[in-house]
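Engineer: Here it is, the structure, as structure tokens.
The values are calculated or read from the model by the stated rules, or taken from the named source; none is laboratory data. Predicted model, so just to flag it, every value in this text is computed and none were measured. Here Cβ is always computed from backbone atoms with ideal geometry, including for glycine, and neighbour counts include all displayed protein chains. With ligands, DNA and RNA removed, areas are computed over all heavy atoms of the protein, side chains included. Shrake-Rupley method; radii C 1.70, N 1.55, O 1.52, S 1.80 Å.
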Amino acid sequence: MKRAILNLQQLADNALFETISEGISLIVNNAVDLNESSYCLNQAGKFRASEIMSGFAEEEAAKVLILIDFVRCPRDVKERGRLLKRFYSHLAKRIYAMTCEYPNIASFGELKKLVDHERRAWYLDGPNDVDWIFRNAISTKREQDLYVDYVQNVTDEAGANFWVAPTDILVAPDEPLNSPSEYAVPDCVRLAQALSKAGAGSTDGLAEIANAWRGFQPKPETDRGQIRDLIADTLDRLALNCDCVDQPTAQFILWRWTFPMWPLEVTEQGDNNDLREQRRAMTAWIEDTEAKRDPPPAITRPRVEELSEAYAAWEHDVDGPDSKVQKKDGRRSFHFSKVDSKFFELPSYKILEQKFGSLNDEERIALVALGWFACDHLANWPEAHKRAVKQAPTQDDGYQISLGRYWLPGLDRWEASPQPFVAGQWHKRPH
């Protein structure tokens, strides 16, 4: 025997609907069985195995959506032939499954952007968005959940080789490793079941779907409301042949069944050579931007240190010397906006307020810019200063003083020597 799903395109409608109906029934049963196995593994504490089996259940259920999409597709369009190839594509099936999890996609154009994003063969990512080049996220996750592999870092031409192995799915820190975690049936499996229950997988149901959808071709501006109207009409048609569908099932179909995807491309696209050039350009831009230090802040270091010490003294009075609330970096968890108004009457705040009030406009702009510069992920001093010049005059003293814990770190960052780009280590907020 050999795979023959492509032969479906040779069948006339009556034979096509009968054949697909038989297949959908088998597929739904298998998807449900795989999902039940996933649930049992989850309850037994076999979380990685459960995750793998759940993925298989999703892929199997997605075949139902692909076959119904084939029925929805007009017989005379060129996309119809390649549509059936998705039946064997892990990537395509997982993209179909993923669309069930985004019921609020506003338009067909938005759906296309999502699909194009997910089918990238390679993409840049990391703390700085350009740290490393990765393979397609869906395919990589599927394979790394299953297999040990020997791989190469392709971020540059001389990337290192190393082994990768599947890791166990983590549970909550306070949850025993051998106890069941909350299990959720994949939306794609639920949708395949719901469509089957509504009669969409029957011979008559598939004929009704063809009648309702084949005259419709989505455009970029086609919105979710139009699709819901078509789905509601389809459910009304199906109800003539199947009167056993409850309201929750119909509502689930209405919200989770997505736009026809036959006009979309779902194969991998792109290569890593273009990304290497893009990464080189972006890292060069980051280094160039980080190196810019003009104009200098119009405030002296002693003045910044004096104001920072005054702010720290007031923060200490508010938080208390015996406070046990700590941040990971060892500093107390202090939120200026949540400070009780009575603390603004403390002598230490009055001193801070007096010192801050003695600043001229240029010094205030400098402090705002330094505060933002300390907090910004990208070390872009010219942009921080430009925003401060524009916005500082409109901000009250309270907001400007609220940046107090960042004044000195911002100056330290401004005075530091520019650093070369290091993947994964660039955007570190100062403590």
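Engineer: Surrounded by fewer than 12 Cβ atoms within 10 Å (Cβ to Cβ), among the charged types (D, E, K, R) and modelled with pLDDT under 95: is that true of Asp396 in this structure?
Structural biologist: Considered against the rule, which asks whether it is surrounded by fewer than 12 Cβ atoms within 10 Å (Cβ to Cβ), among the charged types (D, E, K, R) and modelled with pLDDT under 95, Asp396 comes out as yes.
Engineer: Which residue is least open to solvent (accessible area, probe 1.4 Å), if the candidates are limited to segment 104-117 and must be touching a residue at least 24 places away in the same chain (Cβ under 8 Å) and closer than 20 Å to Leu275 by Cβ?
Structural biologist: Selected residue: Val115.
Engineer: How many residues, within segment 243-268, are among the polar types (S, T, N, Q) and open to solvent by 60 Å² or more (accessible area, probe 1.4 Å)?
Structural biologist: Residues meeting the conditions: 3.
Engineer: Is one or more of the residues making up segment 39-46 closer than 15 Å to Pro263 by Cβ and assigned to a helix (DSSP H, G or I)?
Structural biologist: no
Engineer: Another question, then. Kindly provide the set of residues from segment 110-153 that are of a type in the set (A, V, I, L, M, F, W, C) and over 23 Å from Gly424 (Cα atoms), ordered by number.
Structural biologist: Leu111, Leu114, Val115, Leu146, Val148
Engineer: Kindly evaluate Ala207 against the criterion of being touching a residue at least 40 places away in the same chain (Cβ under 8 Å) and either within 24 Å of the chain's Cα centre (by Cα) or open to solvent by less than 20 Å² (accessible area, probe 1.4 Å) (or both).
Structural biologist: Against the criterion (touching a residue at least 40 places away in the same chain (Cβ under 8 Å) and either within 24 Å of the chain's Cα centre (by Cα) or open to solvent by less than 20 Å² (accessible area, probe 1.4 Å) (or both)), Ala207 does not qualify.
Engineer: Exactly one condition in (1) out of contact with any helix residue (DSSP H, G or I) (no Cβ under 7 Å at 6 or more places or on another chain); (2) within 18 Å of Arg86 (Cβ to Cβ); (3) at pLDDT 95 or above is false for Glu36; which is it?
Structural biologist: (2)
Engineer: Give the number of residues within segment 6-50 that are farther than 30 Å from Pro166 by Cβ and either open to solvent by 80 Å² or more (accessible area, probe 1.4 Å) or not hydroxyl-bearing (Ser, Thr, Tyr) (or both).
Structural biologist: Going through segment 6-50 one residue at a time, the tally reaches 17.
Engineer: Additional query: If you scan segment 292-327, which residues turn out to be of a type in the set (Val, Ile, Thr), open to solvent by 60 Å² or more (accessible area, probe 1.4 Å) and modelled with pLDDT under 95?
Structural biologist: Val325
Engineer: I would also like to ask the following. Would you mind telling me which numbered condition in (1) under 27 Å from Arg256 (Cα atoms); (2) at pLDDT 90 or above Glu101 fails?
Structural biologist: It fails just one condition, (2).
Engineer: Could you check how many residues of segment 206-227 are part of a helix (DSSP H, G or I) and either in contact with a helix residue (DSSP H, G or I) (Cβ under 8 Å, 6 or more places away or on another chain) or β-branched (Val, Ile, Thr) (or both)?
Structural biologist: Looking only at that region, the number is 9.
Engineer: Give the residue that is nearest to Ala298 (Cα to Cα), with candidates limited to residues of segment 380-393 that are crowded, with 23+ Cβ neighbours inside 10 Å and in contact (Cβ under 8 Å) with a residue 40 or more places away in the chain.
Structural biologist: Applying the filter and picking the extreme gives His385.
Engineer: Right, here's the next one. So for segment 171-181 (the condition being crowded, with 18+ Cβ neighbours inside 10 Å and modelled with pLDDT under 90), does at least one residue qualify?
Structural biologist: no
Engineer: OK, next. What number goes with the only condition from (1) touching a residue at least 40 places away in the same chain (Cβ under 8 Å); (2) open to solvent by 20 Å² or more (accessible area, probe 1.4 Å); (3) within 14 Å of Phe421 (Cβ to Cβ) that Thr289 does not pass?
Structural biologist: Failed condition: (2).
Engineer: Additional query: Of a type in the set (S, T, N, Q), out of contact with any Ser or Thr (no Cβ under 7 Å at 6 or more places or on another chain) and over 21 Å from Ala291 (Cα atoms): does that describe Gln400?
Structural biologist: Against the criterion (of a type in the set (S, T, N, Q), out of contact with any Ser or Thr (no Cβ under 7 Å at 6 or more places or on another chain) and over 21 Å from Ala291 (Cα atoms)), Gln400 qualifies.
Engineer: Scan segment 70-92 and give yes if some residue there is without any contact (Cβ under 8 Å) to a residue 60 or more places away in the chain, closer than 21 Å to Arg256 by Cβ, open to solvent by less than 30 Å² (accessible area, probe 1.4 Å) and touching a Lys or Arg at 6+ places or on another chain (Cβ under 7 Å), otherwise no.
Structural biologist: Among the residues of segment 70-92, not one is without any contact (Cβ under 8 Å) to a residue 60 or more places away in the chain, closer than 21 Å to Arg256 by Cβ, open to solvent by less than 30 Å² (accessible area, probe 1.4 Å) and touching a Lys or Arg at 6+ places or on another chain (Cβ under 7 Å), which makes the answer no.
Engineer: Out of all the residues in segment 29-55, which are of a type in the set (D, E, K, R) and in contact (Cβ under 8 Å) with a residue 60 or more places away in the chain?
Structural biologist: Across segment 29-55, the qualifying residues are Arg48, Glu51.
Engineer: Of all residues in segment 237-285, which are under 24 Å from the mean Cα position of the chain (by Cα) and under 30 Å from Gly424 (Cβ atoms)?
Structural biologist: Those that are under 24 Å from the mean Cα position of the chain (by Cα) and under 30 Å from Gly424 (Cβ atoms): Glu268, Gln269, Gly270, Asp271, Asn272, Asp274, Leu275, Arg276, Gln278, Arg279, Met282, Thr283.
Engineer: Spot the failing condition for Glu58; the list is (1) open to solvent by less than 10 Å² (accessible area, probe 1.4 Å); (2) under 28 Å from Tyr147 (Cβ atoms); (3) touching a residue at least 60 places away in the same chain (Cβ under 8 Å), and only one is missed.
Structural biologist: Tallying (1) open to solvent by less than 10 Å² (accessible area, probe 1.4 Å); (2) under 28 Å from Tyr147 (Cβ atoms); (3) touching a residue at least 60 places away in the same chain (Cβ under 8 Å), Glu58 fails exactly one: (1).
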